[in-house]
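S.K.: Structure in structure tokens, see below.
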Amino acid sequence: MTYKREHAIAYLHRKMPYNFTVYKRILHELVVRLPDFKPKTSLDYGAGLGSGMWATQMAYGEEGRKCLKRSAAVEPNMPMRKLGKFLAEDQFEHPVLWVDSLAMIPAGDKGKFDLIILGFVL
């Protein structure tokens with residue numbers, strides 16, 4: 001489905017809270033089961049508005065662990081990417097790279113991630 005601007009806004013109100021809650025629960029389990037896992041980098045592939053990135057920030061950024069140093073969000077749909085980037089602006093303690101494809105992520109160490117979120121993509 002190709003999202004237009006009004007679809008992205010509807011997604012923000014209807015789907016993003018649900019997706020965020022699912023990601024938050026999964027990442028909570030990861031924190032509990034693997035307490036020594038401290039990801040420095042994360043990738044939210046098929047990010048939509050970045051709900052996976054927000055949940056990762058909550059799990060590994062703010063709440064005492066503060067290990068997350070860099071995040072990337074891949075979202076091919078421009079209205080979704082623009083709204084997601086707007087929502088995330090100045091909200092993270094580390095840089096967030098918003099791109100429309102994996103090919104736009106710089107090669108080398110910047111192209112490697114400790115934690116990858118891929119959900120609700122199909």
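S.K.: Starting from the stretch 1-14, keep only residues that are under 13 Å from GLU75 (Cβ atoms), then list their pairs with residues that are assigned to a helix (DSSP H, G or I) whose Cβ atoms are within a distance under 6 Å, requiring at least 6 positions of separation or different chains.
M.R.: TYR3/PRO79; TYR3/MET80; ALA8/PRO79; ALA8/MET80; ALA8/LEU83
S.K.: Looking only at the stretch 14-44, which residues are hydroxyl-bearing (Ser, Thr, Tyr) and surrounded by 15 or more Cβ atoms within 10 Å (Cβ to Cβ)? Before the answer, list the steps.
M.R.: As a first pass, look at the stretch 14-44 and keep what is hydroxyl-bearing (Ser, Thr, Tyr): 18, 21, 23, 41-42.
Residues satisfying the conditions are TYR23, THR41, SER42.
S.K.: Within the stretch 61-70, does at least one residue satisfy the condition of being open to solvent by less than 10 Å² (accessible area, probe 1.4 Å) and either among the hydrophobic types (A, V, I, L, M, F, W, C) or not in a helix (DSSP H, G or I) (or both)? Quick ask: steps written out before the conclusion?
M.R.: Filtering the stretch 61-70 for residues open to solvent by less than 10 Å² (accessible area, probe 1.4 Å) gives 61.
Subset that is either among the hydrophobic types (A, V, I, L, M, F, W, C) or not in a helix (DSSP H, G or I) (or both): none.
The answer is no, given that none of the residues of the stretch 61-70 is open to solvent by less than 10 Å² (accessible area, probe 1.4 Å) and either among the hydrophobic types (A, V, I, L, M, F, W, C) or not in a helix (DSSP H, G or I) (or both).
S.K.: Now for a separate question. For the stretch 76-100, name all the residues that are within 24 Å of LEU30 (Cα to Cα), open to solvent by less than 90 Å² (accessible area, probe 1.4 Å) and in contact with a helix residue (DSSP H, G or I) (Cβ under 8 Å, 6 or more places away or on another chain).
M.R.: Hits for the stretch 76-100 are ALA88, PHE92, HIS94, VAL96.
S.K.: Can you find a residue that is of a type in the set (D, E, K, R) and without any contact (Cβ under 8 Å) to a residue 60 or more places away in the chain anywhere in the stretch 104-116? Lay out the reasoning, then the answer.
M.R.: To start, the set of residues in the stretch 104-116 that are of a type in the set (D, E, K, R) comprises 109-110, 112, 114.
The next check asks that each one be without any contact (Cβ under 8 Å) to a residue 60 or more places away in the chain; those that pass are 109-110.
Taking every residue of the stretch 104-116 in turn, at least one turns out to be of a type in the set (D, E, K, R) and without any contact (Cβ under 8 Å) to a residue 60 or more places away in the chain.
S.K.: Let me ask something additional. If I filter the stretch 101-114 down to residues being under 12 Å from ALA73 (Cα atoms) and in contact with a strand residue (DSSP E or B) (Cβ under 7 Å, 6 or more places away or on another chain), which single residue comes out as most open to solvent (accessible area, probe 1.4 Å)?
M.R.: Here the answer is LEU102.
S.K.: Just wondering, is there one or more residues in the stretch 79-93 that are in a strand (DSSP E or B) and modelled with pLDDT under 95?
M.R.: Looking only at the stretch 79-93, we keep the residues that are in a strand (DSSP E or B), and these are none.
No, the conditions are met nowhere in the stretch 79-93.
S.K.: Of the residues in the stretch 17-72, how many are in contact with a helix residue (DSSP H, G or I) (Cβ under 7 Å, 6 or more places away or on another chain) and among the polar types (S, T, N, Q)?
M.R.: Number satisfying all stated conditions: 5.
The values are calculated or read from the model by the stated rules, or taken from the named source; none is laboratory data. Only a predicted model underlies this, so the values are computations on that prediction, with no experimental measurement involved. A quick note on method: Cβ atoms are made from the backbone with ideal geometry, for glycine too, and the neighbour counts reach across all protein chains shown. Heads up: the accessible areas ignore ligands, DNA and RNA and are worked out on the full protein's heavy atoms, side chains in. Shrake-Rupley method; radii C 1.70, N 1.55, O 1.52, S 1.80 Å.
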